[in-house]
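To start, the structure itself, in structure tokens.
The values are calculated or read from the model by the stated rules, or taken from the named source; none is laboratory data. The shown structure was predicted, so the numbers you read here are calculated from the model rather than taken from an experiment. Cβ placement follows ideal geometry from the backbone for every residue including glycine, while neighbour counts extend to all protein chains displayed.
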Amino acid sequence: MHIAARLDVKNNDILEYTGLPPVYGKCPGVHADGTITSLQQVRLDSSRQEILDYFNNSWSLTEVLLSGLANEEAYYRRPYHQLRHPLIFYYGHVASLYINKLRVAGLLDKPLNADFEKLFEMGVDEMRWDDLHDGNQFIWPLLADVRAYRKQVYEIISNLIETHPHLEPSHLPITQESPMWALVMGFEHERIHLETSSVLIRELPIECVRKPDAWPAIESINTQNFSANSMINMDESQVSLGKPHDFPTFGWDNEYGSEVRIVRPFAASKQLISNREFLDFVKAGGYAEEKYWSLDGWDWRCFRNIKFPSFWVQDGPSGLHLYKIRTIFEIVDMQPDWPVCVNYHEAKAYCAWKSENDGGAPYRLLTEAEHHAIRDGKEYIANNNLKSGGESSVNAKTPNSKGFHDVFGNVWQWCEDHFHPLSGANPHPYYDDFSAPCYDGKHQMILGGSFISTGDQASRFARFHFRPHFFQHAGFRIVQSEDGNAQSGARLLNNNSAPTYETQEMLNKYMLTHWGSDKEIWDKVPQFNLARPEIVDLPMKCAELIAQYASSFGRALDLGCAVGRSTFEMARHFKEVIGIDYSYEFINNANILNNKGELSYWRKDSGEEGVSLTAKVDPEIDRSRVRFEQGDACILPVHLNGFDAVLMANVLCRLPEPAACLKRMQGENALVKKDGILVMTTPFSWLEEYTPKSRWLNGIADVKEILTEFELIHQEELPFLIREHSRKFEYIITLASVWRKK
């Protein structure tokens, strides 16, 4: 059965879709030509009619988008990547969330359809790119039944808006404590899925879709609007992040809270990276060169056999590099001046390639604070709120007063930051797991919105996130800073909630521990007239143990490498050394040391007093043997295997699954090859904030039970210090053990 996508319009009313249930009520946002666009986000002090208009606009946008599926089978087709549900789920999901959240808020006392509200409640967080969703695909109800359910939901919501006393002027504005917060939450949730569903449609085979007559035209198709994408220098500035609690529109929990950051000087591209620019990377063989990709990014690229961006369509033999562009509903000629749509892995690979080819300071992506710095605080025309049915040229819109195009709109911009809460942010009780599960170091932030971002997503406060392999209508702009370090680009002035290993203070401690000289660490001791405890230089001692007990010196892995001192020292002996750490900031500093050979950091002495020090890699070390990657020690990619030596320095008791990490040393795709060694230090200082108590290992005996393919060949106690300031040191005695693979 084909579904007609014709919109009958009279006096700005949506009357019906042939083959669909009627779209209910009046719909502001429909133009004289029959196309629909989005209203601006509704205010929390709006009249009952304005709230009803916004609801009708939200609901109708969903109906128009889904009417672009060419047949009923398309609703049930699984995405090619198998990481999400079919579209029939999302069609029911946005309706069922209204019912579920209104029940949580006490506005409804019973379910409408308990089976549907359970089935459609929870989507799929796509996890790793190879964690395919194998759920039962025969559980989805008939399309006609979902449409009938949606009609019932529509009538319930419309009636609530038209009659509930909490929308009387005396109860306005709606606040976060009001039960009506659940209602506006439903509006904005539907608009999120308008965008994510449009991406799933864009990923369907073209024969599964047809452009609805009501869909807005694309503004700048088939134009040539090229101009050079130069870099704009930005001076040091101060930015404030966070949505005020009394702001008169709805916000998601992660938008609230408050942070003030000092943003250090940087340069950013005035335009988003275009298809034209990204084509150079493709033609240069960027997708075939592992050196440009992160470990996880390369595994993803190989797993998917990706050779060019996902929304490009090959239009001739591969060697000719001829492509068209897939929009949501059509395939059009290549648009060189549109922003390229890629995932985070591809954006980072482009930065690495361009850094190698251009020389100078390395390129990277924007940080959240830098995105705030390039804003000008003024309203200007942006390609968002569905003014256009797709992307527009990267310089089609007027730049802001700082010279940047598309700070907001066109496509989202990938950022260097992991998704994280702002200081003082708290989950909302109506949706307490909206953001919190994604504060896991595995989701990258996206900012700025896209052409189809509407409502809150199109606001300046929007902060969203996806895993790095995920596709959205998202691109990027490139950034340079003097030291190449994204984290040093913004100093947090008022943060009380940053993860332990992500704070600048902790980073400086580890820089001093790894790279500080004896004199730099103990600068005040002579004044104390105290004896110094006997300690070892732990990073150096670990590298010495590796060199002492290894039987061959091909490849080595430093797992939990922190800021990399041991990794570099191991390169004196091994042909290749890989350093991996979960902390982005640690890896960023290690990479700067690898690129430049030195890096300045701050040693705290007392209060705000301190001194700038410089870490320097011994020039006799061949840094080309070393590379650093961010990674999770508990879920390392399978291609990492067969190392002559693996070092795990004080990382075991900070892992959520320490046994899983140890098991990876042996068995299939073992990290350590036969006759290779594992050198491990750990104080066994377990904490529930890192490791569930049920997974703690009680000393070396428990480790032996796991490492069944190894023999323990050496043990010793290693006392060392971590300096906090000139009068406070943390004294730790770690147990070093050396294991040889049988």
Fill in the blank from the handout: Considering the stretch 689-722, residues that are surrounded by 18 or more Cβ atoms within 10 Å (Cβ to Cβ) and touching a Lys or Arg at 6+ places or on another chain (Cβ under 7 Å), and then whichever is modelled with the highest pLDDT, we arrive at 710
Problem - Flag for residue 178 being at pLDDT 95 or above, closer than 17 Å to residue 60 by Cβ and outside the structural domain of residue 428 (by TED's automatic domain parsing) - result: no
Practice task
Answer with yes or no whether residue 577 is modelled with pLDDT of 95 or more, out of contact with any Pro (no Cβ under 9 Å at 6 or more places or on another chain) and surrounded by 23 or more Cβ atoms within 10 Å (Cβ to Cβ).
Solution key: yes
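Can you find even one residue in the stretch 193-200 that is assigned to a loop (DSSP other than H, G, I, E, B), within 28 Å of residue 396 (Cα to Cα), at pLDDT 95 or above and out of contact with any Asp or Glu (no Cβ under 8 Å at 6 or more places or on another chain)? Talk me through it step by step, then tell me what you get.
From the stretch 193-200, those assigned to a loop (DSSP other than H, G, I, E, B) are none; that's our starting set.
No: the stretch 193-200 contains no residue that is assigned to a loop (DSSP other than H, G, I, E, B), within 28 Å of residue 396 (Cα to Cα), at pLDDT 95 or above and out of contact with any Asp or Glu (no Cβ under 8 Å at 6 or more places or on another chain).
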Practice task
Answer yes or no as to whether residue 83 is within 26 Å of residue 178 (Cα to Cα) and of a type outside the set (S, T, N, Q).
Solution key: no
Exercise for the section: Sort through 369, 361 and tell me the only one that's surrounded by fewer than 22 Cβ atoms within 10 Å (Cβ to Cβ) and among the hydrophobic types (A, V, I, L, M, F, W, C). Expected result: 361
Practice task
Take the stretch 110-131 and flag every residue that is in a loop (DSSP other than H, G, I, E, B) and at pLDDT below 95.
Solution key: 120, 121, 122, 123, 124, 125, 126, 127, 128, 129, 130, 131
Practice task
Return yes or no: is residue 211 more than 30 Å from the chain's Cα centre (by Cα) and assigned to a loop (DSSP other than H, G, I, E, B)?
Solution key: yes
Problem - Among (1) within 30 Å of residue 631 (Cα to Cα); (2) of a type in the set (A, V, I, L, M, F, W, C); (3) assigned to a loop (DSSP other than H, G, I, E, B) - the single one residue 328 does not satisfy - result: (1)
Handout entry: Which numbered condition residue 153 fails, given (1) of a type in the set (A, V, I, L, M, F, W, C); (2) at pLDDT 85 or above; (3) outside any helix (DSSP H, G or I)
Key = (3)
Handout entry: helices (runs of 4 or more DSSP H) contained entirely in the stretch 414-529, each with at least 2 residues that are modelled with pLDDT under 80, under 14 Å from the mean Cα position of the chain (by Cα) and under 22 Å from residue 345 (Cβ atoms)
Key = none
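Of the residues that sit in the stretch 331-360 and are acidic (Asp, Glu) and outside any helix (DSSP H, G or I), which one is nearest to the chain's Cα centre (by Cα)? Write out each step before concluding.
Quick first cut of the stretch 331-360, residues acidic (Asp, Glu) only: 333, 337, 346, 356, 358.
If we keep only those that are outside any helix (DSSP H, G or I) too, we end up with 333, 337.
Details: 333: 30, 337: 25 Å.
That would be 337.
Restricting attention to the stretch 602-617, which residues are of a type outside the set (S, T, N, Q) and either part of a strand (DSSP E or B) or surrounded by fewer than 16 Cβ atoms within 10 Å (Cβ to Cβ) (or both)? Write out each step before concluding.
Narrowing the stretch 602-617 to residues of a type outside the set (S, T, N, Q): 602-605, 607-611, 613, 615-617.
Of everything in the stretch 602-617, those that are of a type outside the set (S, T, N, Q) and either part of a strand (DSSP E or B) or surrounded by fewer than 16 Cβ atoms within 10 Å (Cβ to Cβ) (or both) turn out to be 602, 603, 604, 605, 607, 608, 609, 610, 611, 613, 615, 616.
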Exercise for the section: Test residue 663 against the stated conditions and say whether it is basic (Lys, Arg), touching a residue at least 24 places away in the same chain (Cβ under 8 Å), farther than 16 Å from residue 712 by Cβ and in the same structural domain as residue 566 (by TED's automatic domain parsing). Expected result: yes
Practice task
Report whether or not residue 674 is of a type outside the set (Asp, Glu) and free of Cβ contacts under 8 Å to residues at least 12 places away in the same chain.
Solution key: no
Fill in the blank from the handout: Of those in the stretch 293-331 that are closer than 24 Å to residue 228 by Cα and in contact with a Lys or Arg (Cβ under 7 Å, 6 or more places away or on another chain), the residue surrounded by the most Cβ atoms within 10 Å (Cβ to Cβ) is 311
Handout entry: Breaking point among (1) under 29 Å from residue 301 (Cα atoms); (2) hydrophobic (A, V, I, L, M, F, W, C); (3) in contact with a Ser or Thr (Cβ under 9 Å, 6 or more places away or on another chain), for residue 466
Key = (3)
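Name every residue in the stretch 580-605 that is among the polar types (S, T, N, Q), under 28 Å from residue 727 (Cβ atoms) and at pLDDT below 85, in order of residue number. It would help to see each step written out before you state the result.
Quick first cut of the stretch 580-605, residues among the polar types (S, T, N, Q) only: 583, 588-589, 591, 594-595, 600.
Then keep just the ones that are under 28 Å from residue 727 (Cβ atoms); that gives 583, 589, 600.
Answer for the stretch 580-605, where residues must be among the polar types (S, T, N, Q), under 28 Å from residue 727 (Cβ atoms) and at pLDDT below 85: just 583.
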Exercise for the section: Inspect all residues belonging to the stretch 89-104 and state whether any of them is farther than 23 Å from residue 60 by Cβ, hydrophobic (A, V, I, L, M, F, W, C) and part of a loop (DSSP other than H, G, I, E, B). Expected result: no
Handout entry: Flag if residue 467 is of a type outside the set (Gly, Ala, Ser), within 21 Å of residue 262 (Cα to Cα) and not assigned by TED's automatic domain parsing to the domain that holds residue 197
Key = no
Practice task
Run residue 273 past the list (1) aliphatic (A, V, I, L, M); (2) more than 26 Å from residue 334 (Cβ to Cβ); (3) modelled with pLDDT of 95 or more; (4) crowded, with 20+ Cβ neighbours inside 10 Å and report the number of the one that doesn't hold.
Solution key: (2)
